[in-house]
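Inspection log for the structure reproduced underneath, given as structure tokens.
The values are calculated or read from the model by the stated rules, or taken from the named source; none is laboratory data. Treat the numbers as computed from the prediction; the structure is a model and nothing was measured. Cβ placement follows ideal geometry from the backbone for every residue including glycine, while neighbour counts extend to all protein chains displayed. The accessibility values were calculated without ligands, DNA or RNA, using every heavy atom of the protein model including side chains. Shrake-Rupley method; radii C 1.70, N 1.55, O 1.52, S 1.80 Å.
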Amino acid sequence: MEKAIKRYMPIFVLPTLFAFIIGFVIPFILGIGLSFCNWDGVHPVEFTGISNFVALLSDKTFKAAFVNTLVYAIGTVPLTLVCSLGLAMLLNQKVKFRNFFRTVSFFPYVASLVAVAAVWNMIFSPSMGPVNQILATLGVENLPKWAAGKDTAMLTVILFSVWKNMGYYMVIYLAGLQGTNPELEEAAELDGASKWQIFWNVTLPQLKPTTFFVIIMLTIASFKVYDQMYMITQGGPGNATMTLVYYIYNVAFVNTPKYGYASAVSMVLFVLVLFVTIIQFKGSSSND
């Protein structure tokens, strides 16, 4: 039986390998080649060398999108990590209606983005939103404009992303908590350790593989963010929430298509994600 499995294993792998080549390898190679060309989808492809990458250096919108992407990642990753871990720790206890609260926490992640974004915009409406009405009742004079303000638009999107995604990572942390050794926590409690000391020195080290996975997934997702920006701010006001992926969409599909220039921005995004991921892997391996 084992010999037969080993013999036919390449055949079983072929469909997945074929899909990987067609869906990723070939588009990736074409994208690299296209980043050195100009093409609008109608006229013949024109090779231009590194002119697209040189043009990025003086592109103010690209610079704003690059900085906004970093700001979004720096704001979203640690905040989502802390909220999801805290929620998992809370709902891992024996509390009443635990399964109900787990379901409610996970619901924003599976709910339609269009629906939850519309509700979010209503809640944080500068004029009629309940959040600003509560702030006005408390005596706040300069009410924030949230998604309509240049200074608060990115914060609004970050809060929305944390709220929507923390339920998913909560489930991952719950799975990680099920794999921890409760005897270590009991021993630490008998030795007189406080709950914070038990969490920091016993529970959290056991969650290191889970935390590393969550950080990697959150980082990659934050660099690829598009849908939240599209549904809440459309990259505005101005370029306050313009991210790299949203900019790639605008360059490639809005007004006159510039597929070569969009591919160049995509290559910059790829290098950025690769660089950050390598640093995270090295940091994780050095701590082991």
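The smallest convex shape that holds all Cα atoms of segment 70-213, its convex hull, gives 158 Å³ per residue. Projecting the Cα atoms of GLN228, PRO44, LEU174 onto the dipole axis of the chain, where Lys and Arg carry +1 and Asp and Glu carry -1 at the beta carbon, places PRO44 farthest toward the positive end.
In segment 115-158, the portion of solvent-accessible area held by carbon and sulfur atoms comes to 66 percent [1.4 Å probe, whole percent, DNA, RNA and ligands not counted].
Per residue, the average separation of C-alpha pairs within less than 8 Å and at least 6 apart gives the chain a relative contact order of 29 percent.
For segment 152-288, the fraction of alpha-carbon pairs lying more than 20 Å apart is 62 percent, rounded to a whole number.
Taken per residue, the accessible surface of the chain reaches 61 Å², heavy atoms only and a 1.4 Å probe. I'd like the FRET efficiency for TRP163 and TYR226, computed as 1/(1 + (r/R0)^6) with the beta carbon distance as r and R0 of 22 Å, rounded to 0.05. Rounded to the nearest 0.05, the efficiency is 0.80.
Modelled spin labels at ALA187 and ILE74, positioned 7 Å past Cα toward Cβ, are 4.1 nm from each other. Excluding same-chain neighbours fewer than eight residues apart, the lysines reachable from LYS258 by a Cα-Cα span under 25 Å are LYS60, LYS63, LYS224.
Sparse packing (at most 15 other Cβ atoms within 10 Å of the Cβ) combined with a DSSP loop state is found for the following chymotrypsin sites (Phe, Trp or Tyr not before Pro) in segment 1-103: PHE97. Annotation for GLN178 and LEU14: the two label points, set 7 Å from Cα along the Cα-Cβ direction, are 3.8 nm apart.
Extension gain for the segment LYS282 to PHE24, taken as residue separation times 0.36 nm less the Cα-Cα distance, is 90.3 nm to one decimal.
Within the listed set ILE32, ILE11, ILE123, the residue fluctuating most in the Gaussian network model of the chain (springs between alpha-carbon atoms under 10 angstrom) is ILE11.
Checking [x] 6, 24, 29, 22, 13, 6, 1; [y] 6, 20, 25, 24, 16, 7, 2, 0; [z] 6, 29, 38, 23, 4, 0 against the coordinates, the calculated P(r) over Cα pairs in 10 Å bins from 0, in percent falls under label [y]. Note on LEU90 and ALA115: with the Förster distance fixed at 35 Å, the Cβ-Cβ geometry gives a FRET efficiency of about 0.85.
What you get for the chain, charging only the Cβ of Lys and Arg (+1) and of Asp and Glu (-1), is a dipole of about 380 debye around the Cα centre.
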